[in-house]
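Only one structure is covered here, and it is reproduced in the block below.
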Amino acid sequence: MEKVCDIVGDLLPLYLDHVCSDESRRLVEEHIGECDNCGLLLERMQAGWPEETVPPQKGEEVLREAAWSISKRALGSAAGITAIVLYWLVYLWQDILAASGDYRNFSYGFHEVYTIGSLLVPVLTLIWLAVLLRRTAKKHAWRKNAAIAAVLAVLLAGQAGYLYQQSRLVHTTCWTEVVDIPDACHIVIQSGEDTVTLESPPLVTPLLKTDGTVYGFYYERDRSTLDRGRLNAIWDAVD
């Protein structure tokens, strides 16, 4: 490896001046993608440090500086991924509560503002992944960045899938009666000319009656299964 580093070090001035052969350019780019030390040397030379003015460093110092550079990138990536995951955990938690009209832990205002991030965070994830792939392709550092790229791709796919699923939901508000209660977790209501089976919280189901009492219902259902849905909120008719 040291021999290759010496060769690449000799080629870097020619590489920067764009006067080396295509084969030499490929050798430099492939090696820089795998060697942080030579990559650091190239960055210094690109910043305007002539090769002869690069201060000599001992092997331990080079390794320490390279390790610190890698650690900063790793910490930054870990912090970004953690922020994305934490955002969605809080989002799903408060969204479930908001769907049932529970704003005790998160206010309605917080829900409205926080929901904006459900579109912003996926866009930022896409930008991060695109920039990472561009830099990786430019430096031929696929081996070094494969893990973080894969994690970002999974996160982006998960967010896109969730947003697609949400876009298919139909929300309905109506006044109607409970036609049937098949079990403790489901109720059947009359919605227009159709009957709809709704998932109902076990604590709510026993309180409902099938004697013709009219309730206010707010529920959601998928466009492909309009005969089934999930109960979000219910209230008694006001006399």
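The values are calculated or read from the model by the stated rules, or taken from the named source; none is laboratory data. Predicted, not measured: the structure shown is a model, and the values here were computed from it. Cβ atoms come from the backbone with ideal geometry, glycine included; neighbour counts cover every protein chain shown. Protein only, heavy atoms only, side chains kept; ligands, DNA and RNA dropped before computing areas. Shrake-Rupley method; radii C 1.70, N 1.55, O 1.52, S 1.80 Å.
In table form, for the structure just shown:
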| read-out | value |
| --- | --- |
| As computed over the chain, the Cα convex hull volume per residue (Å³) | 194 Å³ |
| Separation of alpha-carbon centers, segment 70-90 and segment 133-194, rounded to whole Å | 22 Å |
| Net charge over other residues, Cβ less than 15 angstrom from the Cβ of Ala79 (K, R count +1; D, E count -1) | +2 |
| Long-range amide H partners of Asp222 with built H, under 5 Å | Val170 |
| Solvent-accessible surface ranking, highest first, for Glu29, Glu34 at 1.4 angstrom | Glu34, Glu29 |
| Surface share of carbon and sulfur [accessible, 1.4 angstrom probe, percent] for the chain | 61 percent |
| Sequence-distant residues sharing a close amide H with His186 (under 5 Å, placed H) | Ser200 |
| Accessible area of Ile84 in the full protein assembly, 1.4 Å probe (Å², nearest 10) | 20 Å² |
| Surface accessible to a 1.4 Å probe, per residue, for the residues of the chain, Å² | 64 Å² |
| Relative contact order for the chain, counting Cα pairs under 8 Å that sit 6 or more residues apart, in percent | 14 percent |
| CD proxy at 222 nm, helix term only [per DSSP H run n ≥ 4: -39500 (n - 2.57); per residue of the chain; nearest 500] | -19500 deg cm²/dmol |
| Spatially close lysines, pair count over the chain: Cα under 24 Å, gap of eight or more or interchain | 8 |
| R0 of 41 Å, Cβ-Cβ distance His186-Ile127: FRET efficiency to nearest 0.05 | 0.45 |
| Heavy-atom SASA rank of Lys3, Lys139 (probe 1.4 Å, accessible area, largest first) | Lys3, Lys139 |
| Two-decimal Rg to Rh for segment 104-144 - Kirkwood Rh, Cα set | 1.35 |
| Span-rule helices in the chain, defined as complete DSSP H runs reaching 24 Å or more along the axis (Cα) with Kyte mean at least -0.5 | 59-99, 117-139, 142-167 |
| Karplus 3J(HN,Hα) series, Hz, for segment 210-219 with 6.51 cos²θ - 1.76 cosθ + 1.60 (x for Gly, Pro) | 10, 9, x, 4, 8, 10, x, 10, 10, 9 |
| Solvent-accessible surface ranking, highest first, for His111, His140 at 1.4 angstrom | His140, His111 |
